[in-house]
Amino acid sequence: MNDGPPRSPDPDPDSRSRPMSPSGDGPDDAAHEHAPGAPSTGGASGKGTPRRRASLSLETIADTAIAVLDREGSQRLTLRGLAAELDSGVASLYWYTTGKDDLMALVTSEVLGRALTQFHALCGDGEKGPREFMTFPPPSADPRTSAATAQALQELRCLCLCLFSQMREHPWLAGQLLGTARGEENALRTWECTGQLLQRMELDAEQRFHASLAVANYAFGTGAGIAHRRNRPGAEEAARLVREQLERAGRSGQGTLPGVRAMLGSFGDHDDRSEYVAGLELMLAGIERQTWGVPSNP
């Protein structure tokens, strides 16, 4: 829900880089009066100057909004509260965003951009993924897999891990990815990065297309769902709840579901990282298998 009127067209695009006025209504065109050497406007006595709010920028707004979201969650974020955090007026924010939905799209794109930056840095350093996934080494490539495909698969795995790492760090991000369209710039850049990696593999055009959708759906959909459930009951409590469900199913004549019962022992070794990595390896193995015997790209 918006906290104020829609943003009016900006008559001066360069004004967004200028300090905002103390009233919070727009750029401070009188900022030059307070430059070093300028006459003081601190009142008749000439002592001191009025307290002025800090200037705003998209970067400052995004960083502050992300901090509030991490601390309080998306339900409690309002433009009025964000303005208070920024020591500014609500009207100032409407120079940069049309409302809360637009703000959430902005910060979502910002966090996805951080994942891409981390991915490129890790690949440049020859790392296989974020530090928190070091206990999950990538599987060895099959002998039938070319060196180029093996390297691209490793980098694609790293990209997906960077995305999931941001979802774990920012709990609100998963819900945002599950509940909104993926039209933000950095969501498209992520898909572009995926497409470029797939082009380095021995896949035909149709296989690349379906593989790109599978990766995007897993990273933005399944991965977000796993991260969203991160605060679910612990492994022992989850196993207890499943056992109770099995007992109720048995009493209702539906059988004891032996397949489900056989998996209960795995709860002790289960967490959100292992769940995400296991599914990711299955998906990448399927892509790898498709590259065997397919002619190289022209």
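The values are calculated or read from the model by the stated rules, or taken from the named source; none is laboratory data. This one's a predicted model, so the numbers in the text were calculated from it and none came from an experiment. When we count neighbours, we look across all protein chains shown, and the Cβ atoms used for this are built from the backbone with ideal geometry, even at glycine. Accessible surface areas use protein heavy atoms only, side chains included; no ligands, DNA or RNA. Shrake-Rupley method; radii C 1.70, N 1.55, O 1.52, S 1.80 Å.
Within the range 60-72, the set of residues being within 14 Å of the chain's Cα centre (by Cα) and either surrounded by fewer than 16 Cβ atoms within 10 Å (Cβ to Cβ) or in a loop (DSSP other than H, G, I, E, B) (or both) comprises D63, A67, D70.
Among the numbered conditions (1) more than 16 Å from Q176 (Cβ to Cβ); (2) open to solvent by less than 30 Å² (accessible area, probe 1.4 Å); (3) not polar (S, T, N, Q), the only one that G81 does not meet is (2).
Would it be correct to say that G253 is at pLDDT below 65 and part of a helix (DSSP H, G or I)? Reasoning before the result, please.
Values: at pLDDT below 65: yes; part of a helix (DSSP H, G or I): no.
No: the conditions fail for G253.
Return yes or no: is L58 more than 20 Å from A224 (Cα to Cα) and of a type outside the set (S, T, Y)? Criteria met by L58.
Take E184 and tell me if it is open to solvent by 20 Å² or more (accessible area, probe 1.4 Å) and either over 20 Å from S212 (Cα atoms) or modelled with pLDDT of 95 or more (or both). Before the answer, list the steps.
Values: open to solvent by 20 Å² or more (accessible area, probe 1.4 Å): yes; either over 20 Å from S212 (Cα atoms) or modelled with pLDDT of 95 or more (or both): no.
Against the criterion (open to solvent by 20 Å² or more (accessible area, probe 1.4 Å) and either over 20 Å from S212 (Cα atoms) or modelled with pLDDT of 95 or more (or both)), E184 does not qualify.
For first residues located in the range 133-148 and on the phi < 0 side of the Ramachandran plot, partners that are open to solvent by 50 Å² or more (accessible area, probe 1.4 Å) and lie 6+ apart or on another chain with Cβ distances below 6 Å form the pairs P138/K128; P138/Q154; R144/W292; A148/R200. Does L177 satisfy the criteria of being assigned to a helix (DSSP H, G or I) and either of a type outside the set (S, T, Y) or within 30 Å of K100 (Cα to Cα) (or both)? It is true that L177 is assigned to a helix (DSSP H, G or I) and either of a type outside the set (S, T, Y) or within 30 Å of K100 (Cα to Cα) (or both). Considering each residue of the range 105-120 in turn, at least one proves to be open to solvent by 60 Å² or more (accessible area, probe 1.4 Å), more than 15 Å from the chain's Cα centre (by Cα) and farther than 18 Å from G223 by Cα.
Is it true that H210 is open to solvent by 10 Å² or more (accessible area, probe 1.4 Å) and at pLDDT below 95? For H210, the condition - open to solvent by 10 Å² or more (accessible area, probe 1.4 Å) and at pLDDT below 95 - is not met. Among the residues of this structure, E247 does not count as one that is modelled with pLDDT of 95 or more, assigned to a helix (DSSP H, G or I) and exposed (fewer than 13 other Cβ atoms within 10 Å of the Cβ).
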